[in-house]
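These notes concern the structure reproduced below.
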Amino acid sequence: MANYKIKCEIVNIINNTYGCSQVGQVFVFRSRTPDGMCAKAFATIYPIALAMRFSESVGWEDEQGHVDITCPDQDVVYRLSRIKPLSKPISGKGEVGDIYEQDSSTRLGNCWAKK
C-alpha cells in the first residue's frame, strides 16, 4: 500500500487577507498538522491530501500528479503533490527510502532551507 508524504506549496496569492502566506511557502503533510499552516486551509486540504497519501493516483490530479486547491476564503492557491522515496540513500546516509525527493525549498519549523 502506498504511504507518501504530501508536499503542499503556495503557488498563488489572490488576496493575502491575513498576511500570513508567501508564494513558494512549503508545508509537508505527515501525521500532524503542519506548523504555521492556516487551520481553515488545512481543513479544506486534508481530505484530498489523505487520498493522495494512500494512493498512486486520484481522479482529480493533473498530468503531473498535482492537485490545486483554493482556501475557503478564496485568498490562497495551494498545490499538492506526492514526495516519492528515492531508490537509494543520498551520500550513503540513512536507509533506502529514508531520503525523499523534494523541490528546491523545504520548510523546517519557522525557517527555510535550500537544498
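The values are calculated or read from the model by the stated rules, or taken from the named source; none is laboratory data. Not measured: the values here are computed from a predicted model. Quick reminder, even Gly has a Cβ in these numbers, built from the backbone with ideal geometry, and neighbours come from all protein chains shown.
Remark: pairs (first residue in region 12-36, at positive phi; second residue acidic (D, E); Cβ separation under 8 Å; 6+ apart in sequence or on different chains) = G24/E9. Restricting region 61-85 to residues that are part of a loop (DSSP other than H, G, I, E, B) and of a type in the set (S, T, N, Q), the residue that is modelled with the highest pLDDT is Q64.
So which residues in region 1-49 are surrounded by fewer than 18 Cβ atoms within 10 Å (Cβ to Cβ), polar (S, T, N, Q) and in a loop (DSSP other than H, G, I, E, B), if there are any at all? Result: N3, N15, N16, T17, Q22, S31, T33.
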